[in-house]
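The next block holds one structure in the form of structure tokens; read it before the comments.
The values are calculated or read from the model by the stated rules, or taken from the named source; none is laboratory data. For clarity, every value in this text was computed on a predicted model and none was experimentally measured. All Cβ positions, glycine included, derive from the backbone under ideal geometry; neighbour counts span all protein chains shown.
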Amino acid sequence: AALSGGLRFQVSKALREGRVTPTDLCQKCLSLIKSTRFLNAYITVAEETALKQAEESEERYRRGQPLGVLDGIPIAVKDNFNTAGIETTCASNMLKGYISPYNATVVQKLLDQGAVLLGKTNLDEFAMGSGSTDGVFGPVRNPWSYSRQYKEKSVPKSHSEDEESNWVITGGSSGGSAAAVSSFTCFAALGSDTGGSTRNPAAHCGVVGLKPTYGLISRHGLIPLVNSMDVPGILTRCVDDAAVVLGSLAGHDPKDSTTIQDNFKPFELSDLTDVSKLSIGIPKEYHAPGLSSEILALWSKATDLFKNAGAKVIEVSLPHTRYSIVCYHVLCTAEVASNMARFDGLEYGHRSDMNNSTESMYAATRREGFNGVVRGRILSGNYFLLKQNYENYFVKAQKVRRLIASDFVKVFGSGVDILLTPTTLSDAVPYMEFIKEDNRTRSAQDDILTQAANMAGLPAINVPSALSERGLPVGLQFIGQSFQEKQLLTVAKWFEKQVKFPMIQLEVKRHDHGAFQHEKSASFS
Amino acid sequence: VLNRRCVEAAVMTGLALNCSINKKSLFDRKHYFYADLPAGYQITQQRVPIAVNGSLSYSLCIDNKMSQMVTKTVRIKQIQLEQDSGKSLHDDTRSQTLVDLNRAGVGLMEVVMEPDMCCGEEAAAAVRELQLILQTLGSSQAVMAEGQLRVDANVSVHHPGEPYGVRTEVKNINSIRFLAKAIDYEIQRQIEELEKGGTILNETRAFDSKLGCTVPMRDKEGKQDYRFMPEPNLPPLILYDAKSLPANVNHQQVVNIDWIHERLPDLPSVKRAKLVERYGILPEHSFTLLNEDGLTEYFENVVKQTQMKPKKVIGWILNDLLSYLKQHSLTVKESPVSSFLLADLLNLLEKKEISSTAAKQVLAELWKGEGKTPLEIVKEKKLEVIQNQKELEQICQAVIDGQENEVMAIKAGNQKVLNKLIGLVQRQTQGRSNPVLVKQLLEKKLS
């Protein structure tokens, strides 16, 4: 349907016009994946099936009957989405070797549009984390660690030190997907977002990360972390691409009772010329402790940009922001404890050899299958759900959640259209520094700017905005009103045009790909 | 995803049990680890169930003869929707547990009754009535032996005027008969225990049908904390009635309580009342008719095909047909005598072509299922009533002649002895005489 819509898709256009073929595209991406293996962005590369899908797509283009804009476009999917016939591990020992019999709804939708599934991307185990460092397959490396921009700015500590110890994290938990998009190995990737897991790595990797409104996109087949906050996330290199992917994914799913019934109409993003009718809110509580001065300055610059263009920019208050970390902690761990109860080694996944009794088998299986982060959250969650604690923790947290959500309702109700905030507290930190603090501390720190949107179910998007002094990407976040993705993306697209974020100059050892980045087909828009 | 049919079944059952249907009900997760619970939790309705505060009326016979029935009521606390678990089969010889997950996740309705019943008989009658209601509604086939209806009994004892005692829960009851047995055993056990100074533990016991007693179940290590949490994937269940139904709504997406109410079939109590009114049978007869699968239909078919009054037909159905079926463990559907054949037979009787004694003989033949019609059997065995009055008069005369003492007694005023003479004539005629006619003839002769 979008084919006739007049959207500008460079690579899609190239495919339609036969200037490049789907198999070409697929092979180039697979080859690039191989040469960027050190990024550890992919857990599984589905080479055979991808090539087959590419061939089928090619056949359709030959007959002049492509399925849509996404036909033949290589994509990657975070490894917590079920994919039929392809391993789904959630970066955990618990599901190593697990092959799902079905596709998650969003995966199926993409395949139905002719997209080519290259593989499953790396993440923090069971999506718990903000660094993509705590999965059993090891950490994901930020492609910007290997960019000319970063290398030029970094001061080597000694002659022998090289990128091997200096590399920076992707952020998380959808780090693999963000890295995959950032390093050009695919044109779009699916992530998930529960507390910022799509927007955070998007900011650190310099890509667009969209968290849709809760209930807009089906979660069927997304292995749940927090059912009441999870959404599938979309990672692309530009806002227009995100809109296209959104269009193919959104809508009611009878298999997911939390999706809304209303019909969703895919939209084209128009070029906004006049922002004078726009009212941008700047929540003062997002001037969080630990926010780097760089990002503060960038945020300020962005507000000036809007002001100068004629938009109304006002300071607003979301007073309950400071309670959101604790509230999130209680609700998240409670749901985690519940959702992880199904991993008992009996029906699927890892099963321990311990067989003295069912209970001992459960205990051993779960100890062997889950890492410390997962186990820690399960224990906390069970504690909060105990009868004697339920009222004081779980119910209280639900009430606080309602207050947090109401903050947004009030602000939007007062005439503000969109909120503008930073996405992260700083640019990406080096891995060696990141691991000095534990997962829980890091998550608490890093989620502060992103998780309120999950609590309130609101759509939010990271737009890469500038490079930091260290030559690493920094992004800004726009938070929109429920189900107003069109307005959100329109504003984001305008902003993207203004800031002209630079393309990554990836220096990969196999130089036949050096030219790749300059192809017009960097994005499919 | 919620199963619509389950919601409809629960609403129907709630309405049939006079419950208030909650227009908004909620789903919760009940967490515990067990091999037959694949998700590690069961989805149930702990906070707000779909229906509450109903009642179930049932009838009991005061004595064993079904001649006096009394109506009792048990309050229904609530009906909740929940998921079934899988089935565990314990293989003790190999120290294994085998788990069958086929039924895991299937929808269940739990009907919770208040402790208003006092003994096994009451519980059995209440559950039997519930079974009939469920079958009539189509909510469930409710066959206990197949696990379609599962009953757990909560039993406690107390002295009159004192608060209820500690209760035990009795599980593993596989039939209504065992339900009554289990409850009565448990009541007795608790009384004996208390009378010797012991205490009752709040425990779960299993009914052992072979030994006829209850035994403690495997210890559950203290009280379980199920860590209830709202089910995040199921929004609150909203039901509508005619007033609250929003306009322009997709009918596949909503359940309308009033719409269901209008389409409820006749409940057993209504069916029984109608049978009594239409056919003039006794209330206890209507209970038996409904209690046997297919019997009401059989009865009504016979009535349609015969001139005999329903009040008389019922006797043949309940005494002759039913007792035969019970003796041979047959269901009504398996009866070798069809309603057509029975009606045929009753017609012969009604037309006085045979006596009732003869009719019973014919029926005995019909049970053999050899395909003969009643008329054929009558002819074959020469069971026709003697139509020849002269022949009958001769036999009467012969009897009179042979019973001098009895004749004298009758002439002296003892009318009861006449029955003996009638009996003798019957024996002479091998049951082929019309007793009314015989009486007339004898009286005429003796006057």
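Among all residue pairs at least 6 apart or on different chains, which show Cβ distances below 9 Å where the first residue, located in the range A:375-392, is more than 29 Å from A:ASP124 (Cα to Cα) and facing another protein chain (nearest Cβ under 7 Å) and the second is surrounded by fewer than 17 Cβ atoms within 10 Å (Cβ to Cβ) and at pLDDT 95 or above?
Filtered contacts from the range A:375-392: no entries.
What pairs come out if I take residues in the range B:36-48 that are within 9 Å of another protein chain (Cβ to nearest Cβ) and pair them with residues that are surrounded by fewer than 20 Cβ atoms within 10 Å (Cβ to Cβ) and not in a loop (DSSP other than H, G, I, E, B) whose C-beta lies under 7 Å away, six or more apart or interchain?
Here the result reads B:PRO38/A:ARG342; B:ALA39/A:ARG342; B:GLY40/A:ARG342; B:TYR41/B:LYS30, each pair linking the range B:36-48 to a residue that is surrounded by fewer than 20 Cβ atoms within 10 Å (Cβ to Cβ) and not in a loop (DSSP other than H, G, I, E, B).
Yes/no matrix, rows are residues, columns are (1) in contact (Cβ under 8 Å) with a residue 24 or more places away in the chain; (2) not in a helix (DSSP H, G or I):
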{"site": "A:SER426", "(1), (2)": "yes, yes"}
{"site": "A:MET432", "(1), (2)": "yes, no"}
{"site": "A:GLU437", "(1), (2)": "no, yes"}
{"site": "A:SER443", "(1), (2)": "yes, no"}
{"site": "A:ILE448", "(1), (2)": "yes, no"}
{"site": "A:ASN454", "(1), (2)": "yes, no"}
{"site": "A:ILE461", "(1), (2)": "yes, yes"}
{"site": "A:GLU469", "(1), (2)": "yes, yes"}
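Which of the residues that make up the range B:20-33 are buried (at least 18 other Cβ atoms within 10 Å of the Cβ) and in contact with a helix residue (DSSP H, G or I) (Cβ under 8 Å, 6 or more places away or on another chain)?
Passing the criteria: B:ILE21, B:ARG29, B:HIS31.
Identify all residues within the range B:2-19 that are in contact with a helix residue (DSSP H, G or I) (Cβ under 8 Å, 6 or more places away or on another chain) and either among the small types (Gly, Ala, Ser) or in a helix (DSSP H, G or I) (or both); write none if there are none.
Within the range B:2-19, B:GLU8, B:ALA9, B:VAL11, B:MET12, B:THR13, B:LEU15, B:ALA16 qualify.
Looking for something over 30 Å from A:ILE223 (Cβ atoms), in contact with a helix residue (DSSP H, G or I) (Cβ under 7 Å, 6 or more places away or on another chain) and away from every other protein chain (no Cβ under 14 Å) - is there at least one such residue anywhere in the range B:213-234?
Yes, that holds for at least one residue.
Counting only residues that are among the basic types (Lys, Arg) and buried (at least 16 other Cβ atoms within 10 Å of the Cβ), which one in the range A:349-395 is farthest from B:ASP91 (Cα to Cα)?
A:ARG377
What are the pairs with Cβ atoms under 9 angstrom where one residue, in the range B:383-394, is exposed (fewer than 15 other Cβ atoms within 10 Å of the Cβ) and the other, located anywhere, is acidic (Asp, Glu)? Sequence gap at least six, or different chains.
What qualifies is B:GLN387/B:GLU353.
Among the residues of the range B:227-276, write down those that are in a loop (DSSP other than H, G, I, E, B) and either at positive phi or among the acidic types (Asp, Glu) (or both).
Those that are in a loop (DSSP other than H, G, I, E, B) and either at positive phi or among the acidic types (Asp, Glu) (or both): B:ARG227, B:GLU231, B:ASP241, B:ASN248, B:ASP266.
So which pairs qualify, if the first residue must be in the range B:145-163 and loosely packed, with under 10 Cβ neighbours inside 10 Å, the second must be part of a loop (DSSP other than H, G, I, E, B), the Cβ gap must be under 8 Å, and the two must be at least 6 apart or on different chains?
B:ALA145/B:ASN174; B:ALA145/B:SER175
Which residues, taken from the range B:34-62, are of a type outside the set (Phe, Trp, Tyr), surrounded by fewer than 21 Cβ atoms within 10 Å (Cβ to Cβ) and over 33 Å from the mean Cα position of the chain (by Cα)?
Those that are of a type outside the set (Phe, Trp, Tyr), surrounded by fewer than 21 Cβ atoms within 10 Å (Cβ to Cβ) and over 33 Å from the mean Cα position of the chain (by Cα): B:ALA35, B:PRO38, B:ALA39, B:GLY40, B:ARG47.
Does at least one position in the range B:2-21 carry a residue that is touching a residue at least 24 places away in the same chain (Cβ under 8 Å), within 30 Å of A:ARG366 (Cβ to Cβ), within 14 Å of another protein chain (Cβ to nearest Cβ) and among the basic types (Lys, Arg)?
no
Inspect the range A:440-463 for any residue being more than 14 Å from chain B (Cβ to nearest Cβ), of a type in the set (Lys, Arg), within 30 Å of A:GLY281 (Cα to Cα) and in contact with a strand residue (DSSP E or B) (Cβ under 9 Å, 6 or more places away or on another chain) and give the result as yes or no.
Looking for residues that are more than 14 Å from chain B (Cβ to nearest Cβ), of a type in the set (Lys, Arg), within 30 Å of A:GLY281 (Cα to Cα) and in contact with a strand residue (DSSP E or B) (Cβ under 9 Å, 6 or more places away or on another chain), one finds none in the range A:440-463, hence no.
Might you check whether a residue that is touching a residue at least 12 places away in the same chain (Cβ under 8 Å), closer than 30 Å to B:VAL425 by Cβ, outside any helix (DSSP H, G or I) and not aliphatic (A, V, I, L, M) occurs anywhere in the range B:285-304?
Checking the range B:285-304: not a single residue is touching a residue at least 12 places away in the same chain (Cβ under 8 Å), closer than 30 Å to B:VAL425 by Cβ, outside any helix (DSSP H, G or I) and not aliphatic (A, V, I, L, M).
Among what's in the range B:69-104 and is without any contact (Cβ under 8 Å) to a residue 24 or more places away in the chain and either closer than 26 Å to B:SER20 by Cβ or part of a loop (DSSP other than H, G, I, E, B) (or both), pick the residue that is farthest from the other protein chains (Cβ to nearest Cβ).
Checking each candidate, the answer is B:THR71.
I'd like to know if the range A:338-345 contains one or more residues that are more than 29 Å from A:ALA288 (Cβ to Cβ), part of a helix (DSSP H, G or I), more than 10 Å from chain B (Cβ to nearest Cβ) and out of contact with any Ser or Thr (no Cβ under 8 Å at 6 or more places or on another chain).
no
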